[in-house]
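First comes the structure, then the notes that go with it.
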């Protein structure tokens, strides 16, 4: 059995949060939820999700701020789910680093297809040979394949060659 894909859903509208969470659970995804941007950023750092579903209109910050911050250290796929239909808003979110943009209201089949597509693209990027030497980043952890180093919170962790290979294998 394949491990479940871990999706973080950052959304402040309870009815949408409940509906999408049940939908994703029903399709064998692991779902973690946040209702504020601050909570979402903390969860991104702690759980390192496989994919982020993000509403732009959060009570404490704009979702574009989250995209900007996440892109400073992570390539995790981000799908924006927003009521904002203005083309300028969509383009801005995509230019900041969102991988896809879905306008509310949306269909469940479309959402699931876009999740599968984003995960498929993410997997291709993470396994392609030209991506091999780009450092893997997750929160405060950085595994640099080229330098063969592991850094956590700015501190280098010395690894034996075997330990590095095991770490590499677990991350891949």
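Laboratory data are not the source of any read-out in this text; all were calculated from the coordinates shown. In this text the structure is predicted, and so the values were computed from the model without any measurement. Backbone-built Cβ (ideal geometry, glycine too); neighbour counts: all protein chains shown.
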Just the residues that are touching a residue at least 60 places away in the same chain (Cβ under 8 Å) and closer than 21 Å to residue 121 by Cβ, please, taken from the stretch 25-52. 27, 29, 44, 48, 50, 51
Filter result (surrounded by fewer than 15 Cβ atoms within 10 Å (Cβ to Cβ) and in a helix (DSSP H, G or I)) within the stretch 1-19: 14, 15, 18, 19
Considering only residues that are in contact (Cβ under 8 Å) with a residue 40 or more places away in the chain and more than 29 Å from residue 172 (Cβ to Cβ), look in the stretch 53-78 and name the one that is surrounded by the fewest Cβ atoms within 10 Å (Cβ to Cβ). 59
Quick one: what pairs do we get from the stretch 147-172, first residue more than 14 Å from residue 137 (Cβ to Cβ), second loosely packed, with under 14 Cβ neighbours inside 10 Å, C-beta under 7 Å, 6+ apart or different chains? 164/148
Being more than 23 Å from residue 93 (Cα to Cα), touching a helix residue (DSSP H, G or I) at 6+ places or on another chain (Cβ under 6 Å) and part of a helix (DSSP H, G or I), is that true of even one residue in the stretch 20-29? yes
Cβ pairs under 6 Å, 6+ apart, first in the stretch 93-104 and in contact (Cβ under 8 Å) with a residue 24 or more places away in the chain, second in a helix (DSSP H, G or I) and surrounded by fewer than 18 Cβ atoms within 10 Å (Cβ to Cβ): 96/68; 97/71
Residue count for the stretch 154-172, restricted to those that are surrounded by fewer than 16 Cβ atoms within 10 Å (Cβ to Cβ), over 20 Å from the mean Cα position of the chain (by Cα) and assigned to a loop (DSSP other than H, G, I, E, B): 3
